[in-house]
Amino acid sequence: MYYFALEAYAPTASFRLPETHTFQQTLPLPPVTALMGLAGAALGLSFEQTMGLRESGFLCGVWGRHSGEASDLWKFQKIKSGKVISAVLTREILCDLNLHIIYAHQEKEKAEDLRRAFLCPVYALSAGTSDDLLKLRRVGEVCEVGTELCRQYKCTVLPGDHSRNFESSIKLEDLPLGKTVRAPRVFLLPVSFTFNVEERRVKNRAHFTFIDTPVTLNKPVPAITSGGKVFPLL
């Protein structure tokens, strides 16, 4: 398998939970659809073409930390009873987000093509909404790597529901004052869609476990180690 790694930064980010409306909660890290969306933006693809990247064999992984969270009020317009009216929603945002992302494929040429796209993206890269611009700090070289079964994880996303497959590895003496400690959180998220002209609907969903503080899994998960960080493959 061949992969390359990205280092990225966003002053603000928001990865809205699907089907939330007036209170738009954010996921703590970009889900697989957002990671594929970055690849599609770099290549200049439509959303439908972007979702085809995963079906063509691309895998991805993410490791990230942010400095804090906040809520923001957004004013928007909607149609009610045939009239356009103003309304307000609350959006959660992540602040000072640092991301490490990998993309992997069995074919070296396809990994190289995507890497070159990130060196000169067709569309602007964002961390959720179009207001949350993402800055690439480094685009790594394509390397050959094998996956390994790993048990130790932190600050990442695991495929599947691991709510009963972990033990906490937190060392309280290593936690900074004011650090929020969260148990792993499981979300059921879209992974594929059906398309009909401009309409799209969710085709399949899958569980993903978002890990914050260190955990040890009882049953290991395949991952790639890069730059001292462990990336489960999504």
Tally up the residues in the stretch 35-54 that are in contact with a Ser or Thr (Cβ under 9 Å, 6 or more places away or on another chain) and not charged (D, E, K, R), please. 9
Is there any pair with a first residue in the stretch 6-17 that is modelled with pLDDT under 90 and a second that is part of a strand (DSSP E or B) and hydrophobic (A, V, I, L, M, F, W, C) whose Cβ atoms are under 8 Å apart and which are 6 or more apart or on different chains, and what are they? L17/F187
Single match in S56, S46, S81 (criterion: over 24 Å from A10 (Cβ atoms), polar (S, T, N, Q) and at pLDDT 85 or above): S56
Could you tell me which residue of the stretch 189-234 is nearest to the chain's Cα centre (by Cα), considering only residues that are surrounded by 13 or more Cβ atoms within 10 Å (Cβ to Cβ) and of a type in the set (D, E, K, R)? D212
Contact list, first residue from the stretch 36-62 and touching a residue at least 60 places away in the same chain (Cβ under 8 Å), second anywhere and β-branched (V, I, T) and buried (at least 19 other Cβ atoms within 10 Å of the Cβ), beta-carbon distance below 6 Å, six or more apart or interchain, is G61/I102; V62/I101; V62/V157
Of (1) out of contact with any Cys (no Cβ under 6 Å at 6 or more places or on another chain); (2) among the aliphatic types (A, V, I, L, M); (3) closer than 27 Å to Y2 by Cα, L188 satisfies every one except (3)
I'd like to check which strands (runs of 3 or more DSSP E) are fully inside the stretch 74-187 and have at least 3 residues that are surrounded by 10 or more Cβ atoms within 10 Å (Cβ to Cβ) and touching a residue at least 60 places away in the same chain (Cβ under 8 Å). 83-105, 135-139, 148-153, 156-159
Are any of the residues in the stretch 77-97 among the polar types (S, T, N, Q) and in contact with a Gly (Cβ under 8 Å, 6 or more places away or on another chain)? no
What tally of residues in the stretch 188-198 results from selecting those that are assigned to a strand (DSSP E or B), of a type outside the set (S, T, N, Q) and free of Cβ contacts under 8 Å to residues at least 24 places away in the same chain? 1
Among what's in the stretch 48-71 and is of a type in the set (S, T, Y) and surrounded by 12 or more Cβ atoms within 10 Å (Cβ to Cβ), pick the residue that is nearest to F231 (Cα to Cα). T50
Go through the residues of the stretch 194-206 one by one and say whether even a single one is under 19 Å from E19 (Cβ atoms), of a type in the set (V, I, T) and modelled with pLDDT under 90. yes
On the given criteria, is N218 in contact (Cβ under 8 Å) with a residue 24 or more places away in the chain, outside any helix (DSSP H, G or I) and out of contact with any Leu (no Cβ under 9 Å at 6 or more places or on another chain)? yes
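The values are calculated or read from the model by the stated rules, or taken from the named source; none is laboratory data. Being a predicted model, the structure only gives us computed values, none of them experimental. Using ideal geometry, Cβ is built from the backbone for each residue, glycine included, and neighbour counts are taken over all protein chains shown.
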